[in-house]
Amino acid sequence: MGTQAETVAADAAVMGKREVVVKARHGLSISDMLLIGVLLAAGAVLKFFVGSVINFGMKPNFIIAMYCLALLLIRPRLHEALIIGLLAGAVCQFFPGQPYINFASEAVGAVAMVLLLKIPMRVGKVSAAPVVCTFLSTLCSGFTFVGVMYLMYFSGADIKPTPLAAFLAIIWGTALINAIIVQMLYVPMKLALKGRQGA
């Protein structure tokens with residue numbers, strides 16, 4: 001009888017876990033969407049203040065850091081990450097620069113982030129995912145931006161791209177800064193979110 005009861009309890013626990021997994025796959029929760037909104041707003045504020053200092057061509061885009069952080073924290077599915085990237089691109093439209101290109105660049109950056117997160121990057125108890133994935137995703141976003149811009153330019157669009165050397169400096173510099181920002185914020189924010197869920 002004892003063995004049978006233990007088996008039933010174990011089966012119930014497994015079924016409970018399966019139910020939790022199924023529920024988690026239904027989509028983003030309200031708290032997830034609020035987190036995304038807050039982080040994108042924070043990235044927009046940072047982009048605004050830095051953009052007011054840098055007055056030429058392409059400027060560092062810290063909205064990338066914030067959606068990378070959001071993707072790290074909520075781990076969405078691929079199509080959800082694409083939507084988050086498009087939302088980030090929409091936020092970028094409020095800033096001066098080349099219109100609409102950010103829709104492509106941030107969508108690519110967000111999708112790249114989710115795909116990179118599937119690669120194991122743990123060294124012992126330490127995960128290198130925040131810094132590595134954010135750095136590479138920022139590069140993907142930046143190079144997509146430059147590629148689309150020059151494609152439009154050579155197609156006859158009325159745009160004046162900044163010299164490529166300046167773009168490359170901004171892209172690599174932004175990737176480095178974004179990686180540092182996300183690495184610094186990821187652990188405390190993850191702990192804070194766990195604390196709220198456990199409360």
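Read the figures in this text as sums done on the coordinates, not as results from a lab. Quick caveat: nothing in here was measured; it's all calculated off a predicted structure.
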All-pairs alpha carbon distance profile, region 100-160, 5 Å steps from 0, percent: 4, 19, 22, 17, 13, 9, 7, 5, 3, 1, 0
Relative contact order (percent, whole number), region 29-198, Cα cutoff 8 Å, 6+ residue spacing: 24
Lysine-lysine proximity count for region 29-198, Cα under 30 Å, sequence distance 8 or more or distinct chains: 12
